[in-house]
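Take a look at the structure set out below.
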Amino acid sequence: MRPAAAVLADVEDLLRLRLERLQAEWHHGEADGTTDPVLGDADLPGLLESLVLGGGKRFRPLLCHWGWVAAGGPQRGEDPSVPVRLGAALELLHAFGLAQDDVMDGSETRRGAPAVHVTARTHHADAGGRDDSQRYGESVATLVGDLAHAEADAIVAELPQAVRHLWWRTSLELVRGQAHDLSEAAAGGGPDAEARAWEVARAKSGGYTVQRPLELGATAAGADAGVLRALGTYGRHLGEAFALRDDLLGVWGDPAVTGKPAHDDLRSGKATVLLARAEAHARAQQDEAAQRVLTRVRAQQHEPGDVEAAAAAMDRLGVRAGAEEQVRASHAAALAAVEGCEHLDAAGVQGLRWAADAVAWRQK
């Protein structure tokens, strides 16, 4: 069995190759020297390449690999290129989600660099473009996301039918999560805000980041029902830990590590599980000061100092400590689902153990 690091290197090589081919196809038939009148050399494939190859944790390809190993892919002599291709497709699907998310959330940075829509907006302004630079940037980011999704689908189209069906479901769930995220932001909280926020988190974070990559790898290895059941349980619990850690970093993460501004989720009024939980705690504890500041933050009508005050209130109300405890519990439940499971390959379980630690205790 090849080391996970070598598999991830293969994923990286495949991504570079596919993006180079995409760039060539994009310019096929154009006159020599043709450049975009606004973007110049930073055309859509170039923007996508910068987003995909500009960093990232590569959790999705890694979990896809360990799902394949845990399901016995190497022992049965299954094609080892399939989880590599799936890993590349998952990273492109992730790029699709990132380009959309940064527009939807109004995020200016991604991985310590300008977000796609910000780069395009800047080119539009620098070129003296007509109409609105912000709208132009957001439109370009939408198209970059479309391009990423199309290329991901093209990779998966070459794979077995069972894998293609699960890929379709994964894509559907991600888009549904995006739609629910928009609606949740528009709804403005309420008594059932946490339940609705969990629906979004499980679809957008836990599902396509942890559970579905595992199941895609296992399906590619010909997994039986017992394997898929164990990995599904592991994936659901670890997906919840991933989503909560994402929310915790969105409020208290170190900008030098995350590549995002401090308290970024609060500044954008993002409808997270933690914000909904804080609002519920503030109501239950009759903390009127916290209720007022959290209401302004959710509505993106915050005054100077509100974002910092909201973070402090969430800490004071026990939201941070409670989320950390839930991460620990979800991490333990994920491991319990695979430890000693007779259906899973031992090397795969060891990899899943390492992956659970990396997901639950990450700092970015």
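Miscellaneous remarks
- Residues in the range 107-161 that are of a type in the set (S, T, N, Q), out of contact with any Lys or Arg (no Cβ under 8 Å at 6 or more places or on another chain) and touching a residue at least 24 places away in the same chain (Cβ under 8 Å): Thr119, Thr142.
- When the residues of the range 320-359 are filtered to those that are part of a loop (DSSP other than H, G, I, E, B) and loosely packed, with under 15 Cβ neighbours inside 10 Å, the one that is modelled with the highest pLDDT is Glu339.
- Any helices (runs of 4 or more DSSP H) falling wholly within the range 221-300 and containing at least 2 residues that are over 16 Å from the mean Cα position of the chain (by Cα) and touching a residue at least 12 places away in the same chain (Cβ under 8 Å): 225-252, 264-267, 273-284, 288-298
- Residues located in the range 272-308, provided they are surrounded by fewer than 20 Cβ atoms within 10 Å (Cβ to Cβ) and among the hydrophobic types (A, V, I, L, M, F, W, C): Ala280, Ala284, Ala289, Ala299
- The listed residue being open to solvent by less than 30 Å² (accessible area, probe 1.4 Å) and of a type outside the set (S, T, N, Q), out of Ala89, Ala9: Ala89
- Set Glu173, Glu194: member being in contact with a Lys or Arg (Cβ under 6 Å, 6 or more places away or on another chain), surrounded by 14 or more Cβ atoms within 10 Å (Cβ to Cβ) and either in contact (Cβ under 8 Å) with a residue 12 or more places away in the chain or at positive phi (or both): Glu194
- On the stretch given as the range 43-97, residues that are among the aromatic types (Phe, Trp, Tyr) and over 12 Å from the mean Cα position of the chain (by Cα) total 2.
The values are calculated or read from the model by the stated rules, or taken from the named source; none is laboratory data. Here the structure is a predicted model, which means the values were calculated and not measured. Every residue, glycine among them, receives a Cβ derived from its backbone with ideal geometry; neighbour counts consider all protein chains shown. All accessible areas refer to the heavy atoms of the entire protein, side chains included, with ligands and DNA or RNA removed. Shrake-Rupley method; radii C 1.70, N 1.55, O 1.52, S 1.80 Å.
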